[in-house]
1. Excluding same-chain residues fewer than 8 positions from D:K110, which aspartates and glutamates have a Cα within less than 12 Å of its Cα?
2. Nearest 0.05, what FRET efficiency do A:T149 and C:S334 give at R0 = 45 Å with Cβ-Cβ as r?
3. Can you work out the base-10 log of I(q)/I(0) for region C:34-193 at q = 0.10, 0.19 1/Å, using the Debye formula on its C-alpha atoms alone?
4. Place the peptides C:53-61, C:162-170 in order of packing, highest mean first, counting for every residue the other Cβ atoms within 10 Å and averaging per peptide.
5. Which value does Rg/Rh take for region C:251-402 over its C-alpha atoms, Rh per Kirkwood?
6. Could you list C:V351, C:V318 so that the one with the fewest beta carbons within 10 Å of its beta carbon is first and the one with the most is last?
7. Only bridges whose two residues both fall in chain D count here: according to DSSP, what percent of them are antiparallel, nearest 5?
8. To make sure I understand, if each residue's beta carbon is the centre and we count other beta carbons within 10 Å, what order do D:H90, C:H382 fall in, fewest to most?
Amino acid sequence: MFDIQHKSKGLVSHGVSACAGCGLELIMRNVMSVLGEDTVILIPPGCSALFSGYGNESGLKIAGFQGNLENTAACAAGVRAALNAQGNYHTTVLAFAGDGGTVDIGLQALSGVLERRDRIMYICYDNEAYMNTGIQGSSSTPFFASTTTTPSGKPTSRKNLMEIAIAHDIPYAATASIHNLNDFKKKLKKAMETDGPSLIHIQTPCPTGWRYDPGKSVELARLAVQTGSWILFEYEDGRVTINSKLKDLKPITDYIEIQGRFKHLTEEQKAELQDYTEKYYHRYIKKLENMNIETEEHATA
Amino acid sequence: MQKQQEKHSKELKKCRVLGPVATIFASSTTGSWRLERPVIDYEKCIKCGTCERFCPTNVIDVYKDRAECVVINYDYCKGCGICVNECPSKCMKMIPERGEE
Amino acid sequence: MMVFKMLDGNEAAVEAMKLARVQVISAYPITPQSSISEKLSDLVAAGELKAEYVRVESEHTALSVATTAGLTGVRAATATASNGLALMHEILSMTSGNRVPIVMPVVNRGVAAPWTLWCEHGDAMAQRDMGWLQFYCQNVQEVLDLTLLAYRVAEDERVLTPAMVCLDGFFLSHSMQKTQVPEQRLVDDFIGPYIRKNTYIDPDDPMFCCDLTGSDEFTEMRYQQKYAMDNSIDVIEEIENEFEIRFGRKLHIVEGYKTEDADVVLVALGSMCGTAKYVVDKMRQEGKKVGLAKVTVFRPFPVKQLKEVLKGKKVIGVFDRSAGLGGQGGPVWSETSALMMNENCDIRNYVGGLGGRDVTIDNIEKIYNELLEIKEGKRTVHTEWIDLKENPMELRQVTKNV
Amino acid sequence: MISIKFYGLGGQGVVTAGKIFSEAISLYEDKYAITVPAYGHERRGAPVNTSIIVDEKPVLINSFVYHPDIVLVMDSTIIDKDIDISQGIHENSILVLNTEDVNVVNTYKKYNFKEIYYVDGTQIALNNIGRGIPNGSMLGAIAGTGLLTIESIEKAIIESFGEKAGEKNAKAAREAFERVKKM
């Protein structure tokens, strides 16, 4: 039982030592406000571990466990199994990990959970690099972004987590963005109510790692969507809803020029990135729409 | 349920445990990090609640019935400036922490 | 009431886990452990064991699941071997550091490379300092008995430390032996339901487990583990006595087999101890006074008990079923040497039984004869790697296209 | 103490036979048996063997059998696969062989077993269970040596295979027990 030494408005302490303007902090508060107290959270080492706490003090008012970097999903599966064994089917079991702990080292455990249909909720807050260890590149680091291990820009594009999740045919998966919190909360609620594994992949602007003015976190999240760099959609039992289908994309420069991690790009590279982003966006939207056509055809057949 | 929890925590006896665990819900006063602070022009404020919604530290409260309608808890405000950047009526600005208003 | 069943070591481990009424099982198949995973899932599917079976995708996940399930307040089970145990390495210390009293059968098999499917203790020895208790079984009956015992010891408030019950791959895991299986009621009285005694994950009574610990507390938390390890040896002794009263079988932390008047003693672990006892009997008939110190509990190292058995012995052999690469000897030898460092005695290390090599009657007899010759001053050098082929460096001859 | 070695090919049920045999000894004869199977890469058709030790008191040895008193061969062609089934035998060792072909038995004479018991376990299996898996019938044959009673074997077979398959295999064992010849 927590000894409450700090009055807070929600389940998250106000003074958590996340960087000023941290997108993750905004996410955590919204997640907790939707999920509520009847939740067990599993957190790997990383930025989100700031909420686990230090020593005897925690920044969260709910039950939790800080596991290893690669086994967040597995730890969640253990809690779920034990709760089930005790007849508790109501508590939400939330795995909350970053991109490194999800698409790199944690992919195997995540795949296991998704394939077994364990009823856990998985949130990947994607700040697009290993921020807690000093901004090293991950497989979710976007094309051309500079990190401490991709100093001249990452030569390859990012791994598509949603495709991987969908390949497991799980009941619910969605992407989200901090600039549209209503959309995010709606998705959180759906994920929470899913009878089976659910996954939310949310882009998480990081002023420290992306090198921008901390006041622009929400603005950048918005620009990522508007430029087609981040696509908002939901996957529900085979049906896709695209939440950010745009007629015209804003130029990529609007998004990248306020970030230090793209500062090294030549005009040529910027053009290449523009081209890549646009092509990928349209191709992917088409793919998602095709998914629905196939689902419908199957339903009517 | 949360109130109940807080009540229990006062009633229950403490027992000794082994190994790593956090049992105190606490906070650091991250307000001391601030280099700049957000200030509000209450005249221009439309009380839309955008600043409250996007504040990562959750320390802004918007009261529709008060003249000083936006209240910021500076004990924890890290001075990131998201509230200022997102404000649709441009009624907020950042000022140096040790400067004059 | 006890009934006799014909069980192999893996079946005995499963029988014990079933009798302990484990509630969450997460296991990943690996030779020679696989039949444990299979049998447990069979029991759950047939409704003979009321448990959640999590069909995990790796050993790393297997132990992760078991560890958080344990913290969430149930008796959790898993089992592994060899490379699977190596993959669990990182989680082993999560389990022990969070004081989750999981009991895990480890079916001993060498760790690759070279690839081997067969028995040696190298897998468990590599994990000996991860804060787990380690029991080594001589026969199938001991697999069952020590697993039951391990639940009581691991879950004891003075211990709260996970335990590996090590059984030799194939030599025990697949060896059928006549085994006494106790009634469920007797085991229920002995072990009882799982009660959480330390930190826990509970949405109704929340705390945050395993957050970051500063250097101002880490040392103390490690010390708590050391303290528990040190305590556990007395707890094991106490519970072994209770076990004997309840089940009628005596278990030993260290068993001195005909050691009292022995001229030389061999220290050994695991299934080879049975063969060694046979050899002791045989050589005694020939008038050779040899004895065996069977070490059942290797972690914590049974300082008092082993010293008692080895007291006054001038020539001691220590058999390591693991290579102890780079050390002055194998791990059992190192511990024994440190134990006896102020005694005036000659302690010889024998390494053998690696990667499935059988530890034969002839091998053991050869060791005893060497030790006797050393005792009589007829020999100074011993055969450290027993049963090594004559030209190990010439095992493969290949033609290289250089 | 009696040391026994079963030889056969993967898929013939050699390991299962060892298991049933030790059950027969341990649970129905009030003696003790242990089996130590020698596993390799588990595959059909490859030579396999299992070691069994039987005693009046609990067996201490936990090692393979190197000097068998009894050798059982489930497939007579095994000697063509570089397997020396006579390894470690002594002047009183007995062979139990799955064949009724006297020519085959004669080729086994070179190993100098004291006695050879032989019966066509595969044919008996085909007659009784419809499949040429000789482990049940050959267990009947080994009872023919007098090492244990055929009743114990029958009980253990039924216990292991269950009522339906067990009855058939037990019948095969009984037939082999009655038909086994000694040379």
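1. Leaving aside aspartates and glutamates fewer than 8 places away in the same chain, those within reach of D:K110 are D:D84.
2. 0.65
3. -0.34, -1.37
4. Ranking, from highest mean packing down: C:162-170, C:53-61.
5. Radius of gyration over Kirkwood radius for region C:251-402 works out to 1.01.
6. Listed from fewest to most nearby Cβ atoms, that is C:V351, C:V318.
7. Rounded to the nearest five, the antiparallel share is 55 percent.
8. With the fewest neighbours first, D:H90, C:H382 line up as D:H90, C:H382.
We did not get these values from a lab; they are worked out from the coordinates using the rules stated. Keep in mind that what you see is a predicted model, and the values were worked out from it rather than measured. A quick note on method: Cβ atoms are made from the backbone with ideal geometry, for glycine too, and the neighbour counts reach across all protein chains shown.
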